[in-house]
Amino acid sequence: MITHNLATVIEFLIKPRLDLAALHLHPAFFGQGAIMVGDQFHSLDQARASAIDMAVKFGPKLLVAALILFAGYLSARWFGKMIGRMLERFRLEFPVRVLLERICEITVFGLFVIMAMQNLGVELLPLVAGLGVAGAGVALALQGVLGNVVAGLTIIFTQPFHIGDYISIGEEEGEVLDIKLFTTTLGHTDRSRVVIPNRKIVGEILHNCGQIRRLALSVRVAYGTDVTAALRLVETLLRNNPRVLQDPKPIIGVAELADFSIKLNINPWVAVPDFEAATSEINKAVLESFREQNIPIPLPQREIRMLATS
């Protein structure tokens, strides 16, 4: 009996496939557990057969769809670069060129995605309807973000300012460092940055100084001073300063006849990055030159008379 059972076990381990009929020939050894194992192997055989059938049926389609997507990726990159080279001939801002390149790439790749889905037999109409419903929900949830995107597109295409311009919006001002779909970045002379959401810019009062700024400097001289000589000296100082632009021409003149002095305005134009440095250099040069030429800078004076009472 033991030899018979051992031979049965060896036969079960050696056979590559389990024969259900053989299991019923040895009920004394396997019993009900052998029947359950046979059912599990039968289910595995069915699953394997189904997987092979699905691979034979859809495998070529999946391979073709993957090749279509890969070709679409390469085509989109090539088409985007070609559009970028074409746009370089036009005077467009860098963010505008990048945006147009991305739109072209996404459009081309989207066409290849549709081709791949059609190859797989996917119904596009229900898919488009579902995406529309999902898009409506996303739009309601992301109103602020979409508002920034729309405002960013408005800024990019209307171009109220460019990178490098000095602008003032509400209480914020600075040099435009970057323009994106969601935000605009301003830089200050202390190297700090201000990131402003685009929806806070569109619709607000914008003061654009461009890429040059005018200094609003002044100096006071005494009433006995030769004003013409003082103005000529200031003009020479501005001409010798490399930060001062000669076009547009600096504005120099008498601004006010005050109680104790004559106020001279000094308004040269400088590039945006040179604003603070030029201010310091010109003030220092005016002070030293006036001292050398003995041109007095009067201090505020008040005359007080004491009246004697009887």
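The values are calculated or read from the model by the stated rules, or taken from the named source; none is laboratory data. Predicted, not measured: the structure shown is a model, and the values here were computed from it. We place every Cβ from the backbone using ideal geometry, glycine too, and count neighbours over all the protein chains shown. With ligands, DNA and RNA removed, areas are computed over all heavy atoms of the protein, side chains included. Shrake-Rupley method; radii C 1.70, N 1.55, O 1.52, S 1.80 Å.
May I ask you to verify whether L237 is in contact with a strand residue (DSSP E or B) (Cβ under 8 Å, 6 or more places away or on another chain) and surrounded by 16 or more Cβ atoms within 10 Å (Cβ to Cβ)? Lay out the reasoning, then the answer.
Numbers: in contact with a strand residue (DSSP E or B) (Cβ under 8 Å, 6 or more places away or on another chain): no; surrounded by 16 or more Cβ atoms within 10 Å (Cβ to Cβ): yes.
Here the answer is no, as L237 does not meet what is asked.
Every test in (1) open to solvent by 40 Å² or more (accessible area, probe 1.4 Å); (2) modelled with pLDDT under 90; (3) under 20 Å from V96 (Cα atoms) is passed by Y223 save one, and that test is (3). When R239 is tested against the conditions (1) within 30 Å of G187 (Cβ to Cβ); (2) touching a Ser or Thr at 6+ places or on another chain (Cβ under 7 Å); (3) without any contact (Cβ under 8 Å) to a residue 40 or more places away in the chain, the lone failure is (2).
Consider E292 carefully, then state whether it is over 51 Å from the mean Cα position of the chain (by Cα), open to solvent by 30 Å² or more (accessible area, probe 1.4 Å) and among the charged types (D, E, K, R). Criteria met by E292.
Here is a yes/no grid of residues against (1) in contact with a Phe, Trp or Tyr (Cβ under 9 Å, 6 or more places away or on another chain); (2) open to solvent by 100 Å² or more (accessible area, probe 1.4 Å); (3) modelled with pLDDT of 90 or more; (4) closer than 30 Å to T189 by Cβ:
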residue	(1), (2), (3), (4)
L217	no, no, yes, yes
G253	no, no, yes, yes
A277	no, no, yes, yes
K284	no, yes, yes, yes
L287	no, no, yes, yes
L299	yes, yes, no, no
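Among the residues of segment 260-268, are any of a type in the set (D, E, K, R) and outside any helix (DSSP H, G or I)? Please lay out each step first, then the result.
Restricting attention to segment 260-268, the residues satisfying the condition of being of a type in the set (D, E, K, R) are 263.
Adding the requirement that they be outside any helix (DSSP H, G or I) leaves 263.
Looking for residues that are of a type in the set (D, E, K, R) and outside any helix (DSSP H, G or I), one finds at least one in segment 260-268, hence yes.
So is L181 aliphatic (A, V, I, L, M), touching a helix residue (DSSP H, G or I) at 6+ places or on another chain (Cβ under 6 Å), surrounded by 14 or more Cβ atoms within 10 Å (Cβ to Cβ) and not in a helix (DSSP H, G or I) or not?
On the way: aliphatic (A, V, I, L, M): yes; touching a helix residue (DSSP H, G or I) at 6+ places or on another chain (Cβ under 6 Å): yes; surrounded by 14 or more Cβ atoms within 10 Å (Cβ to Cβ): yes; not in a helix (DSSP H, G or I): yes.
Yes, satisfied.
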